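Quick note: the coordinates plus some simple rules give every number you see, no bench work behind them. Just so it is clear, the model here is predicted, and its values are computed rather than measured. Neighbour counts run over all protein chains shown; Cβ positions are idealised from the backbone, glycine included.
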Amino acid sequence: MKIIYNCFGGSHSSVTAAAMHLGLISENRVPTAEELKAIPYFDEQLAEDHGDFKYMGEDEQGNQVYVVGRRNLGSLFEPLIHGIARIFSISPKEYLIVNTMPCVNWIMVLGGILSRKLGMVSLGRPIVIYGTQQAHGNFVKLVNRVKTTILPAKENSK
Amino acid sequence: MKIIYYCHSGVHASVIMAGIHLGLLPETEKIDNAAILALPYFDDRKGNLPGTPLYMGEDEKGNQVYTLAVGNERFLAPKTVRSFLRLFQLDDREVYMVDALKYTAAAMKWGGFLSADWGLKLIGRPLVLAAVKKAYPDYVQQVRRLKQELGYLQ
């Protein structure tokens, strides 16, 4: 199955959740700034990258994990993906869409806008890293729910 | 092939162009309200979530025609669709995305928003209808160009 973590810019919350899913950062302690910076695509994607599904890796069950920035598609994103999948006979069991925006706090938003939208990386990056560390518990909850509830339910569905 | 016309709402400009494409609307200079309102999904999603591709019909070459709402992301939406298809090794040439926003006036965007999203049909719908009628010859021409490009017209 393809697991698609998505957020506004595909740079922070989706990347962090995907990294935790893949075991690139620990669930048991808050990641250091260096650990976050080492995640592929973390605080890297720009407007022209949005809409491109980026491959993050394969998890222990053989699921492929992706991130994507959906920008202002917002609530249109999921119906769009489900609709296109239906048109092309892609089974709902072949993919899972996970919205990571509920994990995001205002510090991440602020740092993300400074670093990605305004290009003030040296100012925005430390802020977005601090925000991501503060939001660690949200990512743990989300990734746990994906692994223990959503994925098994999807695999058992018809 | 799937042909997807897209606009802000997925139920206004895109439905008009899909209607012309499928022969549900005439290729004339003028159009009346009744013909527009008779189109499936015009100004009415029929309970579908915005973003869901709406099936309009099959054309003379056996291609399926859809409409789609893209909000303010007229460039990101087609890219997302093609990128998603590539994940499954599907040929993205199997989908032909047509920007129906080229001739869309502000009145259609905001009228459509009021009517289809806010339920203010009394105010929104006349705005949309007036904007459609004004731009109608452009829509006809754009569909004809597309059909030429795809080899429908000799």
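Things worth noting here:
- Label point at B:THR28 placed 7 Å out along Cα→Cβ; residues across the stretch B:137-154 whose backbone nitrogen lies under 13 Å: B:137
- Global form of the stretch B:57-116, assessed from the alpha-carbon gyration tensor, a/c cut-off 1.5: oblate
- Rounded, prolate or oblate (a/c below 1.5 giving rounded, otherwise prolate when a/b exceeds b/c) for the stretch A:42-82 by Cα gyration tensor: oblate
- Values of log10 I(q)/I(0) for the protein assembly as shown across q = 0.11, 0.15 Å⁻¹ run -0.74, -1.11, by the Debye formula with one identical scatterer at each alpha carbon and no solvent.
- The H on the amide N of A:ILE25, modeled in the peptide plane, is under 5 Å from the matching H of A:MET20, each at least 5 residues off or on a different chain.
- Backbone HN-Hα couplings from phi across the stretch B:98-105 [Karplus 6.51/-1.76/1.60, Hz, Gly and Pro as x]: 10, 6, 8, 8, 3, 10, 8, 7
- Prolate/oblate/rounded call for chain A, Cα gyration tensor, a/c under 1.5 rounded: oblate
- Theoretical ellipticity at 222 nm over chain A - DSSP helices of four or more residues, -39500 (n - 2.57) apiece, nearest 500: -11000 deg cm²/dmol
- With contacts taken as Cα pairs under 8 Å at a separation of at least 6 residues, the stretch B:24-82 carries a relative contact order of 20 percent.
- Antiparallel %, DSSP beta bridges [both residues in the stretch B:2-149], to 5: 25
- Set of aspartates and glutamates with alpha-carbon distance to B:LYS79 below 13 Å, sequence-local pairs under 8 removed: A:GLU48, A:ASP49, A:ASP52, B:ASP92, B:ASP99
- Counts of other chain beta carbons within 10 angstrom of each beta carbon in peptide B:67-76 average 5.
- Length available on full extension from B:ILE123 to B:ALA106: 0.36 nm per residue minus the Cα-Cα distance, which gives 4.7 nm.
- Virtual spin-label span in nm between B:GLU60 and B:LEU90, 7 Å along Cα→Cβ: 2.8
- The calculated FRET efficiency for the pair A:LEU110 and B:ASN72, based on their C-beta separation and a Förster distance of 25 Å, comes to about 0.65.
- B:LYS134 versus B:ALA35: modelled label distance in nm, points set 7 Å from Cα along the beta carbon direction: 2.0
- Spatially close lysines, pair count over chain A: Cα under 26 Å, gap of eight or more or interchain: 22
- Relative to the longest principal axis of the Cα atoms of chain B, the long axis of helix B:121-149 lies at roughly 40 degrees.
- Mean per-residue shielding of peptide A:65-73 is 4, counting Cβ atoms of other chains within 10 Å of each Cβ.
- Computed from the alpha carbon atoms alone, the convex hull of chain B holds 104 Å³ per residue.
- The distance separating the Cα centre of the stretch A:69-143 from that of the stretch A:29-52 comes to 11 Å.
- For the stretch A:64-71, the Karplus equation 6.51 cos²θ - 1.76 cosθ + 1.60, evaluated at θ = phi - 60°, returns couplings of 8, 10, 10, 10, 8, x, 9, 6 Hz by residue, with Gly and Pro reported as x.
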